[in-house]
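Here's the structure we're looking at; comments come further down.
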């Protein structure tokens, strides 16, 4: 896997979306389980300590499902991007307090609003807008 090796040399991790079994088979760094995936089959597999399972949520019900799915990090979105899952900063802050898991802020994060994320208990950020 040329891409995996390239990413690791750069100090980055390689996550596969929504395919736990393939991510394990390819010995990737982890898997991303989207909010619509409510399955628990992945809990039957054993993983290495370096394998990370992350998921996304848009409301409290989805946060609880991601906790039951044993996600290590939960992406909560959308913080700033006004789409169908738009939360806004205040609702994001409230939702993020309902979990002990590490919370990642996602959605419309840019250099203009990054300081506002520091006012929340988000452990990190993710997004495309910030890096454009």
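The values are calculated or read from the model by the stated rules, or taken from the named source; none is laboratory data. Small disclaimer: the values here were computed from a predicted structure and weren't measured. When we count neighbours, we look across all protein chains shown, and the Cβ atoms used for this are built from the backbone with ideal geometry, even at glycine.
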Looking for something at pLDDT 90 or above, buried (at least 19 other Cβ atoms within 10 Å of the Cβ), in contact with a strand residue (DSSP E or B) (Cβ under 9 Å, 6 or more places away or on another chain) and under 29 Å from residue 7 (Cα atoms) - is there at least one such residue anywhere in region 122-129? yes
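Suppose we filter region 1-14 for residues that are within 18 Å of the chain's Cα centre (by Cα) and surrounded by fewer than 17 Cβ atoms within 10 Å (Cβ to Cβ); how many remain? Talk me through it step by step, then tell me what you get.
Here is the first cut: in region 1-14, the residues within 18 Å of the chain's Cα centre (by Cα) are 12-14.
Add one more test, that the residue is surrounded by fewer than 17 Cβ atoms within 10 Å (Cβ to Cβ), and what stays is 12-13.
Of the residues in region 1-14, 2 are within 18 Å of the chain's Cα centre (by Cα) and surrounded by fewer than 17 Cβ atoms within 10 Å (Cβ to Cβ).
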Residue among 36, 40 that alone is exposed (fewer than 15 other Cβ atoms within 10 Å of the Cβ), within 18 Å of the chain's Cα centre (by Cα) and closer than 22 Å to residue 92 by Cβ: 36
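From 105, 17, which residue is crowded, with 18+ Cβ neighbours inside 10 Å and closer than 30 Å to residue 6 by Cβ?
On the way: 17 fails: crowded, with 18+ Cβ neighbours inside 10 Å.
Checking each option against the conditions leaves just 105.
This table checks each residue for (1) surrounded by fewer than 23 Cβ atoms within 10 Å (Cβ to Cβ); (2) closer than 15 Å to residue 35 by Cβ; (3) in contact with a helix residue (DSSP H, G or I) (Cβ under 8 Å, 6 or more places away or on another chain); (4) modelled with pLDDT under 95.
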site: 57; (1), (2), (3), (4): no, yes, yes, no
site: 62; (1), (2), (3), (4): yes, yes, no, no
site: 65; (1), (2), (3), (4): yes, yes, no, no
site: 68; (1), (2), (3), (4): yes, yes, no, no
site: 83; (1), (2), (3), (4): yes, yes, no, yes
site: 86; (1), (2), (3), (4): yes, yes, no, yes
site: 90; (1), (2), (3), (4): yes, no, no, yes
site: 94; (1), (2), (3), (4): yes, no, no, yes
Every residue from region 70-81 that is over 25 Å from residue 20 (Cα atoms) and either surrounded by 20 or more Cβ atoms within 10 Å (Cβ to Cβ) or modelled with pLDDT of 95 or more (or both): 79, 80
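Is it fair to say residue 66 is outside any loop (DSSP other than H, G, I, E, B), within 17 Å of the chain's Cα centre (by Cα) and farther than 16 Å from residue 16 by Cα?
Against the criterion (outside any loop (DSSP other than H, G, I, E, B), within 17 Å of the chain's Cα centre (by Cα) and farther than 16 Å from residue 16 by Cα), residue 66 qualifies.
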Kindly check whether there is at least one residue in region 70-81 that is in a helix (DSSP H, G or I) and either touching a helix residue (DSSP H, G or I) at 6+ places or on another chain (Cβ under 6 Å) or within 28 Å of residue 3 (Cα to Cα) (or both). no
Can you pull out the residues in region 21-45 that are in contact with a strand residue (DSSP E or B) (Cβ under 6 Å, 6 or more places away or on another chain), within 12 Å of residue 55 (Cα to Cα) and in contact (Cβ under 8 Å) with a residue 24 or more places away in the chain? 30, 32, 33, 35
Those residues of region 8-43 which are farther than 25 Å from residue 76 by Cβ and modelled with pLDDT under 90 amount to 8, 9, 10, 11
